[in-house]
């Protein structure tokens, strides 16, 4: 996998490999060439039930690798059709399994104040 713009610090993802192991290597040039920045061995994972999913490759395991430098490609190795990858993250060696809590947008309270002011203005107009 090539990332021509490059990425720094780390690379992370979730994977499932219920039958065969594999590996991931990170390079500082395109097409899996240049200096090897990091390698990550991917052992086989458990095969088990995943509530809400009817999938053969389940559950997924979070993994990541940190490195120094700017990476431009990642090479995935293992038996074809035997490892599944998901939620790839560039620039972090820690995958985020839970979505971040979304803060209340500042525009929502402002909208409520505007609607309140509109209601007061409409009420005043009814009186006259």
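The values are calculated or read from the model by the stated rules, or taken from the named source; none is laboratory data. Nothing here was measured: the structure is a model prediction, and the numbers come from that model. Because the Cβ atoms are built from the backbone with ideal geometry, glycine has one as well, and the counts that use them run over all protein chains shown.
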Review point. Just one of the numbered conditions (1) part of a loop (DSSP other than H, G, I, E, B); (2) at pLDDT 80 or above is not true of residue 71; which one?
Key: (1)
Check your understanding: Out of 55, 5, which single residue is loosely packed, with under 14 Cβ neighbours inside 10 Å and within 15 Å of residue 83 (Cα to Cα)?
Key -> 55
Check your understanding: Which ones in region 67-82 are surrounded by 15 or more Cβ atoms within 10 Å (Cβ to Cβ) and within 20 Å of residue 6 (Cα to Cα)?
Key -> 67, 69, 71, 72, 73, 74, 75, 76
**Study point:** Residue among 10, 34, 22 that alone is modelled with pLDDT of 95 or more and touching a strand residue (DSSP E or B) at 6+ places or on another chain (Cβ under 9 Å)
**Key:** 34
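Residue-wise test of (1) touching a strand residue (DSSP E or B) at 6+ places or on another chain (Cβ under 6 Å); (2) more than 15 Å from residue 13 (Cα to Cα); (3) in contact (Cβ under 8 Å) with a residue 24 or more places away in the chain.
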site	(1), (2), (3)
40	yes, no, yes
55	no, yes, no
72	yes, yes, yes
76	yes, no, yes
79	no, yes, yes
82	no, yes, yes
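Considering only residues of region 33-51 that are under 20 Å from the mean Cα position of the chain (by Cα) and in a loop (DSSP other than H, G, I, E, B), which is surrounded by the fewest Cβ atoms within 10 Å (Cβ to Cβ)? Before the answer, list the steps.
Residues of region 33-51 under 20 Å from the mean Cα position of the chain (by Cα): 38-42, 45, 50.
Those still in the list that are in a loop (DSSP other than H, G, I, E, B) too: 45, 50.
Details: 45: 20, 50: 13.
Result: 50.
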Review point. Failed condition for residue 15, given (1) more than 19 Å from residue 94 (Cβ to Cβ); (2) crowded, with 16+ Cβ neighbours inside 10 Å, with all others met?
Key: (1)
**Study point:** Given (1) under 22 Å from residue 8 (Cβ atoms); (2) within 18 Å of the chain's Cα centre (by Cα), index of the condition residue 68 fails
**Key:** (2)
Study note, to complete from the structure: The residue from 97, 59 that alone is assigned to a loop (DSSP other than H, G, I, E, B), under 27 Å from residue 4 (Cα atoms), touching a strand residue (DSSP E or B) at 6+ places or on another chain (Cβ under 9 Å) and modelled with pLDDT under 85 is 97
